[in-house]
Amino acid sequence: MSEKNIKMGQFIARGVCRHLKQYNFSCLEEFVPIKGSRVDIIAIGPRGEIWIIECKSSPADYNQDQKWEKYLPFCDRYFWAVPQNFPTNILPAKDGLMIADQYDAEIVRYGQEYKISPQKRKVITTKIARNASDRLRLLLDPSVSKRYSID
């Protein structure tokens, strides 16, 4: 992926996270639900609902992504977030869709609802909380990474 696409993906993620905060969702970027896979954004809503949002900057970026279906068991809703000029007809219609830029986003459709089992929800929520806590600790005490392994 080009540096331009990486930057665009980061801008899209920022806009999505800003938008979801309006609905009282807390977002974590670059989350690893299972080894070997990384979601762009995982968000937890006020009632504990879990959404995964994949940010795609271009059709080429979307076409090279082969792992996204592995994420479905880890969320209640799955969304694609893309820029305004993205050809949305290439995205699966059963998934949610957001149009985003670096400042904000708009939910165009919600898509299919999945239900995570209570046991899996607890595991995922705990992993999100621990990951977010470790990131905050690293921000507050950068030397912690030299003493301890932080995933």
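Give Glu29, Glu49 a once-over and let me know the one that is under 10 Å from the mean Cα position of the chain (by Cα), surrounded by 13 or more Cβ atoms within 10 Å (Cβ to Cβ) and closer than 21 Å to Arg121 by Cα. If you could, list the steps in order and put the result at the bottom.
Numbers: Glu49 fails: under 10 Å from the mean Cα position of the chain (by Cα).
One residue alone meets the criteria, Glu29.
For (1) hydrophobic (A, V, I, L, M, F, W, C); (2) farther than 25 Å from Lys21 by Cβ, each residue gets a yes or a no:
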position	(1), (2)
Ile34	yes, yes
Leu72	yes, no
Ala93	yes, yes
Tyr110	no, no
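Could you figure out which of (1) under 15 Å from the mean Cα position of the chain (by Cα); (2) touching a residue at least 12 places away in the same chain (Cβ under 8 Å) isn't true of Gln64?
Condition (1) is where Gln64 drops out.
On the basis of being among the β-branched types (Val, Ile, Thr) and closer than 21 Å to Leu28 by Cα, does Val108 make the cut?
Numbers: among the β-branched types (Val, Ile, Thr): yes; closer than 21 Å to Leu28 by Cα: no.
No; evaluated as a whole, the condition is false for this residue.
Those residues that are under 14 Å from Asp76 (Cβ atoms) and either assigned to a loop (DSSP other than H, G, I, E, B) or modelled with pLDDT under 95 (or both), I need them from the range 7-38; list them, please. So that I can check it myself, show each step before the final result.
So the first thing to find is which residues in the range 7-38 are under 14 Å from Asp76 (Cβ atoms), and the list is 20, 23, 25, 33.
Listed by number, the residues that qualify are Tyr23, Phe25, Pro33.
The values are calculated or read from the model by the stated rules, or taken from the named source; none is laboratory data. Values in this document were obtained by computation on a predicted structure and should not be read as measured data. Positions of Cβ are generated from backbone atoms using ideal geometry, with glycine treated the same way; all protein chains shown enter the neighbour counts.
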